[in-house]
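Undergrad: Take this structure, written in structure tokens, and hold onto it; I'll ask about it next.
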Amino acid sequence: MLFKISDSTTVFTVKKTQNELAKELNITRQALNIHLRRLREEGLIRTGRGFIDLTRKALQILGAGTSEAFVFLRVVPSKREQVYEIIKSLPSLRLFRVTGEIDLIAMVPQSQLDSFLERVSSIEGVESTSSHVIISTLK
């Protein structure tokens, strides 16, 4: 039942423990907890054991937004496996291998579209790309 009444969302998750994050930021865990509590109260993050989720509100404040772009890729058949392995290592939200006129769909943040296209176009075996930016979500 919950699945039927839920909305699909994009979640950006920091998969680090609070100890790891505190060390990386060069602050104590207690100081980190104070900052995280404040961010939770502002509705900017959700936290749990070993993760911190950035909310849509946080992404908007950071200027990252949640607009995605879809990149359709056509790949030389004999190079598919090599191309897929390289593309899996690039930053993207999701990758889909599909049937039809194209071979792969990459979902990337709009803010990273230019760099993603630049990197993908230099991969041997990528025949063509076509990008489509989401302008609004209807449902």
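The values are calculated or read from the model by the stated rules, or taken from the named source; none is laboratory data. Just so it is clear, the model here is predicted, and its values are computed rather than measured. Neighbour counts are summed over all protein chains in view; Cβ atoms, including those assigned to glycine, are modelled from backbone coordinates with ideal geometry.
Undergrad: If we scan the stretch 50-59, do we find a residue that is at pLDDT 85 or above and either aliphatic (A, V, I, L, M) or over 29 Å from ARG119 (Cβ atoms) (or both)?
TA: The answer is yes, given that some residue of the stretch 50-59 is at pLDDT 85 or above and either aliphatic (A, V, I, L, M) or over 29 Å from ARG119 (Cβ atoms) (or both).
Undergrad: Identify, please: which residue in the stretch 104-139 is hydroxyl-bearing (Ser, Thr, Tyr) and part of a strand (DSSP E or B) and is, among those, surrounded by the fewest Cβ atoms within 10 Å (Cβ to Cβ)?
TA: SER128
Undergrad: Continuing with this model, one more query. Yes or no: VAL11 at pLDDT 80 or above, β-branched (Val, Ile, Thr) and closer than 28 Å to SER130 by Cα?
TA: Considered against the rule, which asks whether it is at pLDDT 80 or above, β-branched (Val, Ile, Thr) and closer than 28 Å to SER130 by Cα, VAL11 comes out as no.
Let's see how each residue does on (1) surrounded by 12 or more Cβ atoms within 10 Å (Cβ to Cβ); (2) over 28 Å from LEU93 (Cβ atoms); (3) touching a helix residue (DSSP H, G or I) at 6+ places or on another chain (Cβ under 9 Å):
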| position | (1), (2), (3) |
| --- | --- |
| THR13 | yes, no, no |
| LYS16 | yes, no, yes |
| GLU20 | yes, no, no |
| LEU25 | no, no, yes |
| THR28 | no, yes, yes |
| ASN33 | yes, yes, yes |
| LEU36 | yes, no, yes |
| ILE45 | yes, no, yes |
| GLY48 | no, no, no |
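Undergrad: Given (1) more than 14 Å from the chain's Cα centre (by Cα); (2) modelled with pLDDT of 85 or more; (3) not assigned by TED's automatic domain parsing to the domain that holds ILE123, identify the lone condition not met by LEU73.
TA: All conditions are met except number (3).
Undergrad: Can LYS23 be described as closer than 27 Å to VAL108 by Cα and basic (Lys, Arg)?
TA: Spelling it out, it is not the case that LYS23 is closer than 27 Å to VAL108 by Cα and basic (Lys, Arg).
Undergrad: Consider SER89 against the criteria (1) among the small types (Gly, Ala, Ser); (2) under 14 Å from the mean Cα position of the chain (by Cα); (3) surrounded by 11 or more Cβ atoms within 10 Å (Cβ to Cβ): it satisfies all of them except one. Which criterion is unmet?
TA: All conditions pass for SER89, except number (3).
Undergrad: Now, a different point. Residue check: is ASN19 at positive phi and modelled with pLDDT of 80 or more?
TA: So ASN19 fails the test.
Undergrad: Give the residues of the stretch 106-131 that are charged (D, E, K, R) and either in contact (Cβ under 8 Å) with a residue 40 or more places away in the chain or in contact with a helix residue (DSSP H, G or I) (Cβ under 6 Å, 6 or more places away or on another chain) (or both), sorted by residue number.
TA: Selection gives GLU124, GLU127.
Undergrad: Scan the stretch 69-101 for residues that are in a loop (DSSP other than H, G, I, E, B) and within 14 Å of GLU127 (Cβ to Cβ) and jot them down.
TA: Matches in the stretch 69-101: VAL76, GLU101.
Undergrad: Inspect all residues belonging to the stretch 51-68 and state whether any of them is surrounded by 15 or more Cβ atoms within 10 Å (Cβ to Cβ), among the small types (Gly, Ala, Ser) and outside any helix (DSSP H, G or I).
TA: yes
Undergrad: Which one of the conditions (1) touching a Gly at 6+ places or on another chain (Cβ under 8 Å); (2) without any contact (Cβ under 8 Å) to a residue 24 or more places away in the chain; (3) not aromatic (Phe, Trp, Tyr) does LEU36 fail to meet, given that it meets all the rest?
TA: Every listed condition holds for LEU36 apart from (1).
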